[in-house]
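Remarks on the structure that follows.
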């Protein structure tokens, strides 16, 4: 492949990966807040993704010179096609927000990565500062997905974007980072919406959804499917980046688990639909099924990415270069800092301190712990697989690998 062709493919792959990641967060933001405006943004980005896949196909065809090139680039094309499928599924999730409000079935506290909307108030310490100056991801763990300024949307703002008063900021990150981020944005202490949520549930019961147990089951399954689909995407890119069949096989196992979870949700939705005569309630349940189907499609796409490793296909170096230049880096680090041994992830506050999300831990005995919970402790000999912002790379290395 010519140097110019490689450069083009690399740049497009970087944009495709970043775009599909952001679209997923924005899509869930649309349904979490029942916000049709965000849904329309996702729809426009979906069209952009189609164009990017077309560019990749053209560049690969122009750059292929022999059979060896064709084999290497076929894997890149498979990954690019999977990224587009993820964006399509994100688009389908977002469209639900334009049709029906399903927020009472969604509990952000069950999501490992929250998506929140916060308006910049006059007392905010964020006002009139650039994202580069603020370093929000490494200070709070929260990354800015989009900004609404008046009627204008700024998607995936660059580091030189300056936040202004009354900006509506959509950000994603660990739930532990929400209080700090919200206080910085508003100048006020963050107040949880527990009482408001209880009131909403009571209203829901008065409307006819009296089987609280089933409703909570649905909320739990939806949250689990969201968490697992996002985990699978991160693991699939990790498997390819580090050429790890172990991680790729885990993605394959998780894909089967997603199928079972979708079946469970379908049964719960059928149970919840018994005796319902209100059309709006039926529309809500249909919306939940669409979220589940789309989440399962995301898991299938993640498996397609990991399948490149399972098929022993040697990727062209342009893929690794694209991952390294992505907004989100994927790292593999040995736990060499004795100060963190026997401390839990919750105690270390890695996500809020660095913005890095731990996808997996490989213990010294070879056992893998995928999607480790907050009570998972770091041990001597651990190997950590993680993803997060470039700005957090040096911080996480200092915490994990410092001798």
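Summary of computed values
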quantity	calculated
Scan of the range 373-395 for residues that are at pLDDT 90 or above and in a loop (DSSP other than H, G, I, E, B), ordered by number	375, 376, 378, 379, 380, 381, 382
Breaking point among (1) on the phi > 0 side of the Ramachandran plot; (2) crowded, with 17+ Cβ neighbours inside 10 Å, for residue 366	(2)
Complete set of residues in the range 172-183 that are at pLDDT 90 or above and in contact with a strand residue (DSSP E or B) (Cβ under 9 Å, 6 or more places away or on another chain)	181, 182
Residue match in the range 32-54 (condition: in contact with a helix residue (DSSP H, G or I) (Cβ under 8 Å, 6 or more places away or on another chain), modelled with pLDDT of 90 or more and closer than 16 Å to residue 233 by Cα)	no
Extreme residue, modelled with the lowest pLDDT, among residues of the range 70-107 that are within 18 Å of residue 241 (Cα to Cα) and either touching a strand residue (DSSP E or B) at 6+ places or on another chain (Cβ under 8 Å) or surrounded by fewer than 19 Cβ atoms within 10 Å (Cβ to Cβ) (or both)	71
Search result, residues across the range 352-372 that are outside any loop (DSSP other than H, G, I, E, B) and closer than 18 Å to residue 236 by Cβ	357, 358, 359, 360, 361, 362, 368, 369, 370
Odd one out for residue 28 among (1) modelled with pLDDT under 90; (2) surrounded by fewer than 23 Cβ atoms within 10 Å (Cβ to Cβ)	(2)
Checklist (1) out of contact with any strand residue (DSSP E or B) (no Cβ under 8 Å at 6 or more places or on another chain); (2) touching a residue at least 24 places away in the same chain (Cβ under 8 Å) applied to residue 57, failing item	(2)
Residue in the range 120-133 that is at positive phi, modelled with pLDDT of 90 or more and not in a strand (DSSP E or B) present	yes
Given (1) in contact with a strand residue (DSSP E or B) (Cβ under 7 Å, 6 or more places away or on another chain); (2) closer than 19 Å to residue 187 by Cα, index of the condition residue 148 fails	(2)
Helices (runs of 4 or more DSSP H) contained in the range 244-351 and holding at least 3 residues in contact with a helix residue (DSSP H, G or I) (Cβ under 6 Å, 6 or more places away or on another chain) and surrounded by 15 or more Cβ atoms within 10 Å (Cβ to Cβ)	245-273, 279-310, 317-324
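The values are calculated or read from the model by the stated rules, or taken from the named source; none is laboratory data. Predicted model only: the values in this text are computed from it and were never measured. Positions of Cβ are backbone-derived with ideal geometry, glycine not excepted, and every protein chain shown enters the neighbour counts.
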